[in-house]
1. When Lys and Arg each count +1 and Asp and Glu each count -1, what net charge do the other residues less than 15 Å away from Gly53, Cβ to Cβ, add up to?
2. Would you mind checking which residues have amide H under 5 Å from Ile114's amide H? H placed 1.01 Å from N; only 5 or more apart, or other chain.
3. By per-residue mean of other Cβ atoms within 10 Å, what is the highest-first order of 48-60, 92-104?
4. Using a 1.4 Å probe on the protein heavy atoms, what percent of the accessible area of segment 29-100 belongs to carbon and sulfur?
5. Quick check on segment 36-104: take the gyration tensor over C-alpha atoms, sort the square-rooted eigenvalues as a ≥ b ≥ c, and tell me if it's rounded (a/c under 1.5), prolate or oblate.
6. Got a sec to turn the phi values of segment 86-93 into Karplus ³J(HN,Hα) couplings, 6.51 cos²θ - 1.76 cosθ + 1.60 with θ = phi - 60°, whole Hz, x for Gly and Pro?
7. Pop out the ³J(HN,Hα) list for segment 102-111 in order, Karplus 6.51 cos²θ - 1.76 cosθ + 1.60 with θ = phi - 60°, rounded to Hz; leave Gly and Pro as x.
8. Taking amide H positions as placed in the peptide plane 1.01 Å from N, state which residues far from Ala83 in sequence (5 or more) or on other chains have amide H under 5 Å from it.
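The values are calculated or read from the model by the stated rules, or taken from the named source; none is laboratory data. Since we're looking at a predicted model, the values are computed, not measured. Positions of Cβ are backbone-derived with ideal geometry, glycine not excepted, and every protein chain shown enters the neighbour counts. These accessible areas exclude ligands, DNA and RNA; they are computed on the full protein's heavy atoms, side chains included. Shrake-Rupley method; radii C 1.70, N 1.55, O 1.52, S 1.80 Å.
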Amino acid sequence: MSQELLNKAVAGSIKDTPPEFRVGDTVNVSVRIAEGEKERVQVFRGVVIARKGGGVAETFTVRRIVNNEGVERIFLLHSPTLAGVEVVRSGQTRRAKLYYLRKRVGKATRLHDIAQGSRFTKPRSAKAAPQDIVEETPADDEPQKIDEPQTDSEPVSEEKPEE
């Protein structure tokens, strides 16, 4: 009974289409900030170094360098103050958490790029299927005769000279 009530309360808070990004991506995070009666959107650009949790409590951490100081912010993925997340560049990583970037400075913090759009549009090991390969035929009116090799089922006639 209590689990059903909890699920109903959480269902209203979860976004229908959460932004799609991975650890290692450089993102622009748009955050709504209320100053008095006015509300504005501030953009925080950095590298996603971690994703944690699940459901309504899912968070992600973004790191950037400001005035030679590392600044990290933790955002709730389903928060109403989160206006949007835009992927600027996709970085290739082999780890789920990039905490090792905290110790690095300058060019050592760069990650290898993934071509934008490749991971969302096709699988990485996409090969041409046999039905996709089209053979071109000559445009002549006469069909061309192709010499076929003889198989074992056809008898081979060899003429022997008579003695």
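1. Neighbourhood net charge equals +3.
2. Close amide H contacts, sequence-distant or interchain: Ser90, Gly91, Gln92.
3. Highest mean packing first, the order is 48-60, 92-104.
4. Ligands and nucleic acids excluded, carbon and sulfur reach 46 percent.
5. oblate
6. With the stated coefficients, segment 86-93 comes to 10, 7, 8, 8, 9, x, 8, 10 Hz.
7. 5, 8, 9, 10, x, 5, 5, 8, 6, 10
8. Ser30, Val31, Arg32
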